[in-house]
Amino acid sequence: MKRVLIYILPIFIFLACSKVGDNNITIPASNDYAQGFAVAEFDNYKVVEVRNPWDTLKILQRYILVPKGCELPDKIPHGTIIRTPISRAVVYASLHCGMIKELRKSEAIAGICDVHYNADSTLKNRVKRGEIADLGSSFLPDIEKIISVSPEIIIISPYKDRDEDKISQLGIPIVEMADYMESVPLARTEWLKFISMLFDCEEVADSIFETTKKEYLRLSEIGRSVTHKPTLFCELKTGGVWYQPGGESYMAQLYRDAGIDYLWSDNSNKGSISLSFEEVFSRASNADLWFIKYADESDKTLKSLANEYALYDKFKPYKNKSVWGVNALKVPFYEEMPLYPHYVLRDLMIVAHPEMFDKSETMRYFKKLRNE
């Protein structure tokens, strides 16, 4: 197998990932909300620029999308050429699998990472049947398996400190989806438009985005109008670190739009912030609500929480049984949240302001942790 790859790989690199052009262009922002990418359309191709989320004055990637069967234009900007529509893709993150599924292009998923954390049973069954390759961890994927499925692109979430050298050496175009760095929920939803260009289904993406935007804005107007806003902190301690969403992250924005006083709203980070137990306890010990996300075969309970770390029971929400959890192995939270943030917003509002909803209303993702 390895000997065959030595002969095939150089040819594959040349065909799959050409970088051409020598003229630079500046693409003005054209999205409703998303700041992380911009699109320019020309006669026979599109140019998509993904901005560096850690230095927004720089470009992380520039993609030249050219329809299959069309000749390359004589003069195009420098960038990575991708022939569309894509028919075989490797996808690292479950949330991007969810986007592709909603675009009705699931058949194009040839391989995925972190299968265990994906809540989509249909997709998992396809992996079991060998229709989709299990590529292992997204931080250490199986390189030979990636090559064996002959993907036209690899879709990843870029991280500042993640080393992608081995993957980039394959010569397969790497599509960097930095949607998680957006600070507005609807901005993250708008990244669906970028993915849809790869699969030639922009009309589906536009329809999903407009429907989501209308409902999100309706709910957020109600949430922001409330006078009483319960205080909230999130997540669980991991080793010696307790991560909270940054105050400029999309999760912090969701909490604000739900009429919740998130206790780290004053922070300026778009990603997560690393805190000690003492820092979290100092600010959040008397919070009204505690939200956690996890991926376990069994739902967490208050008892299991205390068994994990004894000092959890010192927090007011633990004592008052106001701990709410999302088990990402049982509900498609990560797959749906980027596309349908109004689903999450509604759940948050039911928890924080139950008086606004009928008692028969059920939640899509969140469950109150039982006491046993």
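The values are calculated or read from the model by the stated rules, or taken from the named source; none is laboratory data. Owing to the predicted nature of the structure, the values given are computational and were not obtained by experimental measurement. Here the Cβ is made from the backbone with ideal geometry for all residues, glycine too, and neighbour counts use every protein chain on show. Note: accessible area is taken over every heavy atom of the protein model, side chains too, but ligands, DNA and RNA are not part of it. Shrake-Rupley method; radii C 1.70, N 1.55, O 1.52, S 1.80 Å.
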Problem set entry | Looking only at the range 93-108, and only at residues there that are open to solvent by less than 10 Å² (accessible area, probe 1.4 Å) and more than 15 Å from the chain's Cα centre (by Cα), the one that is farthest from Glu202 (Cα to Cα) | Ala108
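Kindly state which helices (runs of 4 or more DSSP H) lie completely within the range 104-174 and contain at least 3 residues that are within 22 Å of Ile195 (Cβ to Cβ). Explain how you work it out, then say what you get.
On the way: elements: 121-128, 143-148, 165-168.
Ranges flagged: 121-128.
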Problem set entry | Among residues of the range 200-258, those that are touching a residue at least 40 places away in the same chain (Cβ under 8 Å), in contact with a Phe, Trp or Tyr (Cβ under 7 Å, 6 or more places away or on another chain) and charged (D, E, K, R), counted | 2
For this session: Would you be able to tell me the number of residues in the range 270-311 that are part of a helix (DSSP H, G or I) and in contact (Cβ under 8 Å) with a residue 12 or more places away in the chain?
Result: 12
Problem set entry | Residue that is nearest to the chain's Cα centre (by Cα), among those in the range 162-181 that are open to solvent by 10 Å² or more (accessible area, probe 1.4 Å) and farther than 22 Å from Ile146 by Cα | Tyr180
Problem set entry | Residue ID - nearest to Phe233 (Cα to Cα), chosen from residues in the range 314-372 that are in contact with a strand residue (DSSP E or B) (Cβ under 6 Å, 6 or more places away or on another chain) and assigned to a helix (DSSP H, G or I) | Pro317
Seminar exercise, completed: For Lys213, the lone unmet condition from (1) open to solvent by less than 30 Å² (accessible area, probe 1.4 Å); (2) charged (D, E, K, R); (3) within 19 Å of Phe333 (Cα to Cα) is (1)
Seminar exercise, completed: The residue that is farthest from the chain's Cα centre (by Cα), considering only those in the range 238-273 that are open to solvent by 10 Å² or more (accessible area, probe 1.4 Å) and among the aromatic types (Phe, Trp, Tyr), is Trp264
Exercise. For Lys319, all conditions in the list (1) within 22 Å of Trp242 (Cα to Cα); (2) touching a residue at least 60 places away in the same chain (Cβ under 8 Å); (3) not hydroxyl-bearing (Ser, Thr, Tyr) hold save one; what is the number of the exception?
Worked result: (2)
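Of the residues that sit in the range 29-69 and are surrounded by fewer than 16 Cβ atoms within 10 Å (Cβ to Cβ) and of a type in the set (Ser, Thr, Tyr), which one is nearest to the chain's Cα centre (by Cα)?
Restricting to residues being surrounded by fewer than 16 Cβ atoms within 10 Å (Cβ to Cβ) and of a type in the set (Ser, Thr, Tyr), the top hit is Thr56.
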